[in-house]
Structures are given as structure tokens and as C-alpha cells.
Amino acid sequence: ERGGNNSFTHEALTLKYKLDNQFELVFVVGFQKILTLTYVDKLIDDVHKEFRDKYRNEFQQKGALGLLNGTFDFKDDFMRLLRDAEESSKVRAPTVMKTFEQSLKSQKTVKCMIETRGEKPKEKVKNKKNKGSKKDGTEAVAAPSKASAGDKQLSAAGEKEELTKDEILQKNREEFFRRHMKAGEKSRSPKPDAQKEKGKKPRVWDLGNSNAKVLDYSNSATNGSAESCPVEEFDPDMALGDKNREPGRLYDLEYESDDEAEEEKVVQNPSKASVKKKKGGLGGMFGMLKGLVGSKSLTREDMDPVLEKMKDHLIAKNVAAEIAVQLCESVAKKLEGKVMGTFTTVTSTVKQALQEALVQILQPQRRVDVLRDVMDAQRHRRPYVVTFCGVNGVGKSTNLAKISFWLIENGFSVLIAACDTFRAGAVEQLRTHTRRLNALHPPESHGGRTMVQLYEKGYGKDAAGIAMEAISYARNQGFDVVLVDTAGRMQDNAPLMTALAKLIAVNAPDLVLFVGEALVGNEAVDQLVKFNKALADHSMAQTPRLIDGIVLTKFDTIDDKVGAAISMTYITSKPIVFVGTGQTYCDLRSLNAKAVVAALMKA
């Protein structure tokens, strides 16, 4: 309902429904899915109107609960409406074919249809243009109108009539050769240069190497040893940021509303407000009461102007345009026919309903509790596996390091699997994060146990194989969590999406997180839909594994344009598990639905 969808399909049947909010009624029509019934919408509208008008008085007297024991003689009316709807779908005006006299072909003469050898094709084009410009005119009428365009055309036409067919042919040949000779001289000059550069030679860099084996400097023996990730000395305050935070706690996302500041400004200037009231007089009083409605049922006409403004406001806040339209449509269906309070405006009623719908969207149906799931995996003596996926440059590796830090502070050991074997510097980036995390949480502070390690196999290897080896290594070494970093890929790249689906299908992670940035608008919908579709299409399992949750990054760069959060959760019905809000390891938050909606509804 929240998406404005009024149909439901179950196996071979389809149901369509319509709500009557005024009398709390639901009208449902059911039919076979294979049938393409064009009159269903008209039928349900007609039945709704007829039934409501026929029993309106009973509804108002007894109420909805009093009607449960009542009987309704509506069968004859329904059959009549069904017949009318079926007939209306059949009645179509037959297409009337043109007669020969009305067609353009009837205006042609036999003379103009005869083609003569050597005739210029340009003359045919001119005749066609004349016929298109003047539908009712004939060739005889078109010729003088063209001749009156200028003296030059008259003289040229006269010369052509005097020349014979052979002379016209000779003249055309001379013009043809003259034109091609000029074009040949122009095209000859760049040819020698083009012959010199037959192929593009690859550039060889001074510090580079074309051999992939030389670039693969990783060694499987170094995985899990302390030598592979030596402790790095650096300023911990820069990496942690907030000194007063509680270790291991994931704080809620905060948003400061400007309503209190506006109220303070109003209180500070009471004299100006009183002057304005005096100037307004009775007009001010009536202006205040303007727009208030009491004991009135809301209609679509009342809500349309407000909903149009709300839709534009949502799109301006980065909500995808299609989703903004669906949200406003669902709010309209929910409110249509409802009776408003005595001193409430249409705007406030619609805004309140929209806020409730947005909060409902952001509050997930299934909450993802990572710490609880990790402890459950510990009891079964296996590592808890999380896979990160997303497009290029959204912050997968950075936020993986933040989540690693949060897990370490909660007492869990982490193994990072470097499965991005494509991007240059991906393994080195994770290696640097591992060194810094070990510096913040040295083994001495955890009973000699190394809390974070990196499992790497270099570049150019199969990501699914590396992830499988990392999970096996974590099981043998007793790691609590495995975080799998994957290469960034565009949602349209079929080979890379197939490789990601293979990695997820083979390793069966406990949690698949899609990493998306808060800066995108309509693109967020396209990314999530195509990622889910690719995972479903390329998976070999009967029940394919799809995205389980979302990591929303770069939230500190968007001010109050938080619409991407709505777009992502609406399109997938999956929760936003983590929100990245900065550059330090502590800049990780959990989503606060009310704070996001407050920012979204801010003018």
C-alpha cells in the first residue's frame, strides 16, 4: 500500500482493490492472471460508487461494525455494472479506410509516373516536396508556384528545356567528376600521416612492468603472521576523532532541527509581531483561519496542490523521482475520504501522513543485529562472514575498516579478506588499515591475541577462491568475523556481476551488504535494482542470495539532502545497517529514522 500498488498476484489469480476511507470499506475484484481484462479498473470504480451511494444512509446510521450482521441485495446491480463494463470495452469505432479519390495516388498523372533514363533524381525530390506542401494541388498547379519563387530558377529551367537529353547527361557527368576531384584533393593530404601510424603502441612506464607475475609480490606463507602487518606508530587522536565516546558503542544518527531556533527568534521580537497584528486588523484574523476546514471529507482535488509541492520537495531532497510520485500517490489513497479535525489544514494533514509513511519505510521489517549474530556464530564455532559489494568509489574499503574497528572494540577478532584483486593499491590500502588497527588495539591489550589480520593473495586471482580460503583459514585460526572486500563494479557490467554472484553463491556469507553513497539520487534505485537482479540471474541456486542490508556512506557531505536513504530502503525493503559520517574510524552511526525524516521534511 505504501507504494501505491493496488494489485496482488498469487499463482494464477490477480486481485485488485480500492479503499473507501470515509466508510472504511475495501472493494476487491479477482480474476485469472492470464486474462487481459481492460475494464477491471472501470468496474471496480463503478461498483464502489454504486454501492456507496445505495447504502450511504445505512453506513452513516449504523457505522462499519453495525454492518457485519446486515445483508445487501446488490447482485443484480453488480451484474448490470459488469455487463456495462464488458460492453464498453468492446465498443470501438472502426477505422475508416480512405477511398482512392482521397489518396495522393489518385492525383498523379500517367505522365509523371513514367521514368526516363538519365533523368535527374533531384527533380523527383522537388515534385515530392510540392505534393507534401500542397495536398489539394496538382502538378500543374505546383509547377507555376515553384517558378514564381525567383528569376534564377526560371532561367535555369528554361536552359534545361532547350538542352537535349545527351547534353544534359554530359553536363551532369562533368559536374560529378569536378566535385569528386575536389573531394579527392582534400582527402589525399592526411593519408601519408595515417599510413605511418598503423597501430597504437602501448606506453611503457619507467617504474611499471607488463608482466603480471612480477606485480604479484604476495606470499601465502605471510598470511596470519605478525610480520605481514607490522605495528605502525601514528597519532591515535587523528584516527579516533571523538575522545569522549564510549568504546564499542554505535551511536544513533543525530539531526538538529531549526524549529526551536525559529521559535526563539519569534519570542525575541514580540513588539514587531504586535505591530503587524494591529495593521492586519480583522483581515489578519480571517487570514489565520483561511485554509482551516472542519468536519470535512478530504477529496483528491483538495490534496493535489499540496501533494504536488510535497513531490517537488522530496525530489529536491534527492529522493528518486519515481519513488516520490509513488509515495505521494500512496498518501493520497490513504487520506482520500477521511474526515479532518476542526482546526486542521490540508497541508498539515498531508504532511503528517507523509512523515508517518517515511518513518515506516525507514524502520525495517527485519532488524539486522550484527553483534547478536556474531555471538550466535561463536556458539556454533564458526566465523561470521560479511561480504561488501557496490559500485566504484563509494567507500567499501574505508567503511570495512570502520566496521572492523567497531567489532574489535566489542571484543571480536577480525580477518579481512582482500578479494579486490583488480584495483591497483586495493591490497595496500587494506594493509595500511590493518597496521593502524593493530596499533590502536595491540595484542598486549588483548592477552597476546592479534585482533585484526589481513588475508591476501595479491592481484589477478579469482576472488571467490580467495574468499573461500580466507573463511577456511579463519575457521582454523579461531577468528570471530571475516570481512570480505570485493572490487567495485558498475551494475551494467555483466561479467563482473557474474563473478560477484559466483563469490556469494560459493561462499554463502551470513550478511551481504550493499555499500552506496548518500550523494546519489535516481542512480541509487538503478544500482540496487540491477545488483539484486544480477545476483538473482547469475546465481545457480534455486533460491538466490540477494542483498541483506545497506551501508550508506558520505552522509556528512549532503547536509539535509538525505533522500538517498529513502530511495534505497523503499526499493529493496532492506534496512540501512551502518551510516558512514566522516574520515575517522569512529565515524560510524546507526540510522535514526526520525532524524532522517526531520531533515527530509525541513523546508
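The values are calculated or read from the model by the stated rules, or taken from the named source; none is laboratory data. Because the structure is predicted, anything quoted here is derived from the model rather than measured. Note: ideal-geometry Cβ built from the backbone for every residue, glycine included; neighbour counts use all protein chains shown. Please note that ligands, DNA and RNA were not included when accessible areas were found on the heavy atoms of the full protein model with its side chains. Shrake-Rupley method; radii C 1.70, N 1.55, O 1.52, S 1.80 Å.
Can you name every residue in the stretch 55-83 that is in a helix (DSSP H, G or I), at pLDDT 80 or above and surrounded by 14 or more Cβ atoms within 10 Å (Cβ to Cβ)? Please lay out each step first, then the result.
Step one: list which residues in the stretch 55-83 are in a helix (DSSP H, G or I), which gives 56-66, 75-83.
Right, trim to at pLDDT 80 or above and you get 75-83.
Hits for the stretch 55-83 are Asp77, Phe78, Leu81, Leu82.
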Exactly one of Glu101, Glu115, Glu87 is modelled with pLDDT of 70 or more, out of contact with any strand residue (DSSP E or B) (no Cβ under 6 Å at 6 or more places or on another chain) and not in a helix (DSSP H, G or I), and that residue is Glu101
Of (1) in a helix (DSSP H, G or I); (2) farther than 30 Å from Asn438 by Cβ, Arg367 fails just (1)
In the stretch 351-398, residues that are among the basic types (Lys, Arg) and open to solvent by less than 10 Å² (accessible area, probe 1.4 Å) total 0
For Thr38, the lone unmet condition from (1) assigned to a loop (DSSP other than H, G, I, E, B); (2) surrounded by 14 or more Cβ atoms within 10 Å (Cβ to Cβ); (3) under 32 Å from the mean Cα position of the chain (by Cα) is (2)
Going residue by residue through the stretch 541-555, is there one that turns out to be farther than 18 Å from Ala320 by Cα, of a type in the set (Ser, Thr, Tyr) and in the same structural domain as Ala499 (by the TED database)? yes
Counted residues in the stretch 31-47 being within 11 Å of Leu82 (Cβ to Cβ) and hydroxyl-bearing (Ser, Thr, Tyr) come to 1
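Answer yes or no as to whether Ala524 is among the aliphatic types (A, V, I, L, M), open to solvent by less than 30 Å² (accessible area, probe 1.4 Å), closer than 21 Å to Lys554 by Cα and under 12 Å from the mean Cα position of the chain (by Cα).
Values: among the aliphatic types (A, V, I, L, M): yes; open to solvent by less than 30 Å² (accessible area, probe 1.4 Å): yes; closer than 21 Å to Lys554 by Cα: yes; under 12 Å from the mean Cα position of the chain (by Cα): yes.
Yes, satisfied.
For the stretch 433-451, which positions are within 18 Å of Gln583 (Cβ to Cβ) and of a type in the set (Ser, Thr, Tyr)? Show your work before the answer.
Quick first cut of the stretch 433-451, residues within 18 Å of Gln583 (Cβ to Cβ) only: 433-437, 439-440.
Once the filter is applied, which keeps residues that are within 18 Å of Gln583 (Cβ to Cβ) and of a type in the set (Ser, Thr, Tyr), the stretch 433-451 yields only Thr434.
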In the set Ile547, Ile566, Ile558, Ile571, the lone residue that is β-branched (Val, Ile, Thr) and buried (at least 23 other Cβ atoms within 10 Å of the Cβ) is Ile566
